[in-house]
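The values are calculated or read from the model by the stated rules, or taken from the named source; none is laboratory data. Predicted model, so just to flag it, every value in this text is computed and none were measured. Here the Cβ positions follow ideal geometry from the backbone for every residue, glycine too, while neighbour counts run over all protein chains shown.
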Amino acid sequence: MHQRLIPLLCALCLPALSMAQDTGSASRPGDAGRSQIETRAVDINAPRVDDQELRLDKGSPVASDGVRGQGLRLDIPEGWSPVTGDSETLSLSVENAVFLALRHNRALSIQQLRPLITGTFEATERAVFDPVLFAEASHSGDRVVRQLVEVEEVDLVTSDRDLLEAGVRQQFPTGTQVELSLRSVRSGSSRLDDDQFSARAGITLTQALLRGARMESNLARLRQAELDTLASEYELRGFAEALVADVERAYWDFVLASRRTEIFAEALAVAEQQLSDTRSRIRVGQRAETEETAALAEVALRRQGLINARAQQATTRMRLLQLVNPAGASWDTRIELEQRPEISTSVLDPVDLHVRLARQLRPDLNESRIRARRGELEVIRTRQGLLPRLDLFITLGESGYADAFGRAWRDLDGPGYDYSLGLRFETPFGNRAAQAETRRARLSRQQALEAVANLAQLAALDVQTAWLEAERTREQINATKVTRELQEEVLRAEQARFAVGTGTALALAQAQRDLLESQLEEVEALIRHRQALTDLYRQSGTLLIRRGINAAGDEEVVL
């Protein structure tokens, strides 16, 4: 009868093992986090701004040891050479500036490792359910001294023992622990002529009935690690969006600084020409000598502005170089611009559309939703601590005995067997630690949900503020253009008056100064509008999509 006990116990273990394996297969690296949180795709239905299209795909796990983590892989469009010029010159458009930053920016390289590092914690938590191989080999001996009173002699009994044991132990998400073991023992004694050998094959099943019996609680830490990895991908997406926005802002800052330098250089040339004309008129007696002072002051002022503009251009150039970090470039590398600001007065999409997209696509908002889901899992995990521990254990074994090693194993189907069956109970008085941990988890979850609501409100505020700025700069484009055209008419009138002798050099210098300011304001309005659009798209979470960059985290997380 006992020969059927172990097969019977194995049959009882099969449902638990099958369920555990199904759970493990649902936790494949590629599906980590997705099974515990709902996401849905978002279509912004908006045309892309740029002609060139970058592809920053959802990369497959880059580690070959089963560690999950999204790497970023960049697909270069065919026929596109992002860097042109010699070793001292870098030709840049806004598209290939973004491309270079995504390939070479050092801060992004650091950030890309975060999902991979976070993914290692999944392997750590999954290892809790991995089989454990154990083995033991030992030798022991003793000498027992017995006093034989009847014969007044001392009896010395010497014995030794060799033990070899090996087996496999595994913990399953169902709260089941199974252990299979094989053991061989050799016993020798001075009172026996031959050594004795015994062999045992056994199986032990321990099943949690209360604490640790729920699969969702036992898998909570693994699911949390999966969600941490998913959250790190959304965090990486947010960093990539911020980087693209910084690169575009730095590019247009450099465009603005370059254009300011050109305008001041042209204004200085005009002021110097005006000074030369004034001196010529003074020599022939058409102007008073005092008018030369106003012309000299205007030249000095223009030279001062040109010095500041060149310094600002150098600063913005180095900032742009630091962001794109092109290979082989140095701080002295000269940048040639391939793109100039274009007049764009297209009407913006309604602000409500951008707010809705922000609620769906903002990486920081989706990341906070994942953190809230993680808090729910913490509540599920800690709730088990309120229960007492009650475990059912069953141990069955069959033994064989012989005077040789091999015959002991062949005797396993003999009459020798052992078994044990029972319950093990444990609970702390008061259970205050578990109650405090559960309360902390519930309060943390409530805090996370409040944080999601607060962040959604702040996101709406950011979007509306960015939309108003984009609308303001769009309207400023036409206004500054009209102002510049009128200032050109004023300057022409003052030049005509100065030519016929009815105007003064001071009035002409003031007209030139007003035209210079209007030119600078017009260029700045164009640049600021492009930057405002970039900021609006970043605040709404659509910047990468509008630039044709495909990366992990482009789906809305649904609570």
Within region 494-509, the residues that are in contact (Cβ under 8 Å) with a residue 12 or more places away in the chain and surrounded by 13 or more Cβ atoms within 10 Å (Cβ to Cβ) are GLU494, GLN495, THR504, ALA505, LEU506, ALA507, LEU508, ALA509
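Taking LEU390, is it of a type in the set (A, V, I, L, M, F, W, C) and surrounded by fewer than 16 Cβ atoms within 10 Å (Cβ to Cβ)?
On the way: of a type in the set (A, V, I, L, M, F, W, C): yes; surrounded by fewer than 16 Cβ atoms within 10 Å (Cβ to Cβ): no.
Judged against the criteria, LEU390 is not a match.
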Taking into account only those residues within region 89-130 that are in the same structural domain as ALA225 (by TED's automatic domain parsing), without any contact (Cβ under 8 Å) to a residue 40 or more places away in the chain and over 15 Å from LEU321 (Cβ atoms), which is nearest to the chain's Cα centre (by Cα)? LEU113
Looking at SER540 and the list (1) small (Gly, Ala, Ser); (2) within 50 Å of the chain's Cα centre (by Cα); (3) at pLDDT below 85, which single condition is not satisfied? (3)
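Does ALA466 qualify as being of a type in the set (Gly, Ala, Ser) and modelled with pLDDT under 85?
It is false that ALA466 is of a type in the set (Gly, Ala, Ser) and modelled with pLDDT under 85.
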Given the criteria of a type outside the set (Gly, Ala, Ser), farther than 30 Å from LEU533 by Cα and either assigned to a helix (DSSP H, G or I) or in contact (Cβ under 8 Å) with a residue 40 or more places away in the chain (or both), does GLN457 qualify? no
Among the residues in region 278-299, are any surrounded by fewer than 12 Cβ atoms within 10 Å (Cβ to Cβ) and in a helix (DSSP H, G or I)? yes
Qualifying residue in region 306-324 (condition: over 23 Å from VAL247 (Cα atoms), modelled with pLDDT of 85 or more and surrounded by 16 or more Cβ atoms within 10 Å (Cβ to Cβ)): yes
Residues that are of a type outside the set (Ser, Thr, Tyr) and assigned to a loop (DSSP other than H, G, I, E, B), drawn from region 393-430: ASP403, ALA404, GLY414, PRO415, GLY416, PRO428, PHE429, GLY430
Answer yes or no: is there a residue in region 348-365 that is under 30 Å from LEU92 (Cα atoms), modelled with pLDDT under 90 and surrounded by fewer than 17 Cβ atoms within 10 Å (Cβ to Cβ). yes
Among the listed residues ARG383, ARG334, ARG356, which satisfies the condition of being outside the structural domain of SER93 (by TED's automatic domain parsing) and charged (D, E, K, R)? ARG383
In this structure, is ARG474 buried (at least 17 other Cβ atoms within 10 Å of the Cβ), closer than 30 Å to ILE263 by Cα, in contact (Cβ under 8 Å) with a residue 60 or more places away in the chain and not aliphatic (A, V, I, L, M)? yes
Hey, SER276 modelled with pLDDT under 90, farther than 30 Å from PHE99 by Cα and in contact with a strand residue (DSSP E or B) (Cβ under 8 Å, 6 or more places away or on another chain) or not: no
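Yes or no: region 445-452 includes at least one residue that is part of a helix (DSSP H, G or I) and either more than 41 Å from the chain's Cα centre (by Cα) or of a type in the set (D, E, K, R) (or both). Don't jump to the end; show me each part of the working.
The initial filter retains those residues of region 445-452 that are part of a helix (DSSP H, G or I), namely 445-452.
When the remaining residues are screened for being either more than 41 Å from the chain's Cα centre (by Cα) or of a type in the set (D, E, K, R) (or both), the result is 445, 450.
Yes - at least one qualifying residue is present in region 445-452.
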Residues located in region 216-257, provided they are surrounded by 23 or more Cβ atoms within 10 Å (Cβ to Cβ) and acidic (Asp, Glu): GLU226, GLU233, GLU241, GLU248
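Each row is one residue, and each column tells you yes or no for (1) surrounded by 18 or more Cβ atoms within 10 Å (Cβ to Cβ); (2) touching a Ser or Thr at 6+ places or on another chain (Cβ under 8 Å); (3) modelled with pLDDT of 90 or more.
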{"site": "VAL144", "(1), (2), (3)": "no, yes, no"}
{"site": "GLN147", "(1), (2), (3)": "no, no, no"}
{"site": "ASP155", "(1), (2), (3)": "no, no, no"}
{"site": "LEU163", "(1), (2), (3)": "no, yes, yes"}
{"site": "ALA166", "(1), (2), (3)": "no, yes, yes"}
{"site": "SER189", "(1), (2), (3)": "no, yes, no"}
{"site": "LEU192", "(1), (2), (3)": "no, no, no"}
{"site": "ARG214", "(1), (2), (3)": "yes, no, yes"}
Being polar (S, T, N, Q) and assigned by TED's automatic domain parsing to the domain that holds GLU524 narrows it down to one of THR206, THR229, so name that one. THR229
Number of the exception - LEU455 against (1) more than 38 Å from the chain's Cα centre (by Cα); (2) modelled with pLDDT of 90 or more: (1)
